[in-house]
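Written out below as structure tokens is the structure these notes cover.
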């Protein structure tokens, strides 16, 4: 006799098996009837996840340690060079204004030549060659100046 659903159509067999992982009497009977390969696979997956968690914890520890050391070194440098740290802050602010103006010129150029950039690779390459390296170097210099002055400015507040 085949089973049928309430509407009279034949019921399809279950495609997935269920494993009860809850505590109690039912769990022991389900575990006893569970496929040993499936149980072993779940154990291996759990062990792999545990190892991944351990590695991630070690990585976070190493990164935090390196970040803390870098922060201490920068703080010592700022303490040894307070005038230079203040000058770095002023220079970073000035270069940020220069960067804003530069970005405005870049966006104007993009808006004026976007159709040509899409249509021809030469115009896009010319744009990248003209603005890319300068922007990248400017960002790098601003970042260095900001790092050299950041703790000094937050300590003064």
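The values are calculated or read from the model by the stated rules, or taken from the named source; none is laboratory data. For clarity, every value in this text was computed on a predicted model and none was experimentally measured. Because the Cβ atoms are built from the backbone with ideal geometry, glycine has one as well, and the counts that use them run over all protein chains shown.
When you check residue 37 against the structure, is it part of a helix (DSSP H, G or I) and loosely packed, with under 10 Cβ neighbours inside 10 Å, yes or no?
Values: part of a helix (DSSP H, G or I): yes; loosely packed, with under 10 Cβ neighbours inside 10 Å: yes.
Considered against the rule, which asks whether it is part of a helix (DSSP H, G or I) and loosely packed, with under 10 Cβ neighbours inside 10 Å, residue 37 comes out as yes.
Do we find a residue being surrounded by fewer than 12 Cβ atoms within 10 Å (Cβ to Cβ), modelled with pLDDT under 90, over 31 Å from the mean Cα position of the chain (by Cα) and part of a helix (DSSP H, G or I) anywhere in segment 18-25? Outline the logic, then answer.
Initially, segment 18-25 is screened for residues surrounded by fewer than 12 Cβ atoms within 10 Å (Cβ to Cβ), giving 18, 21-25.
Filter once more, keeping what is modelled with pLDDT under 90: 18, 21-25.
If we keep only those that are over 31 Å from the mean Cα position of the chain (by Cα) too, we end up with 18, 21-25.
If we keep only those that are part of a helix (DSSP H, G or I) too, we end up with 25.
Checking segment 18-25: at least one residue is surrounded by fewer than 12 Cβ atoms within 10 Å (Cβ to Cβ), modelled with pLDDT under 90, over 31 Å from the mean Cα position of the chain (by Cα) and part of a helix (DSSP H, G or I).
Within the set of pairs 6 or more residues apart or between chains, which connect a residue that is part of a helix (DSSP H, G or I) inside segment 44-70 to a residue that is surrounded by 10 or more Cβ atoms within 10 Å (Cβ to Cβ) and modelled with pLDDT of 95 or more with Cβ atoms less than 6 Å apart?
none
Under the condition of being touching a residue at least 24 places away in the same chain (Cβ under 8 Å) and surrounded by 13 or more Cβ atoms within 10 Å (Cβ to Cβ), which residue from segment 104-135 is farthest from residue 145 (Cα to Cα)?
106
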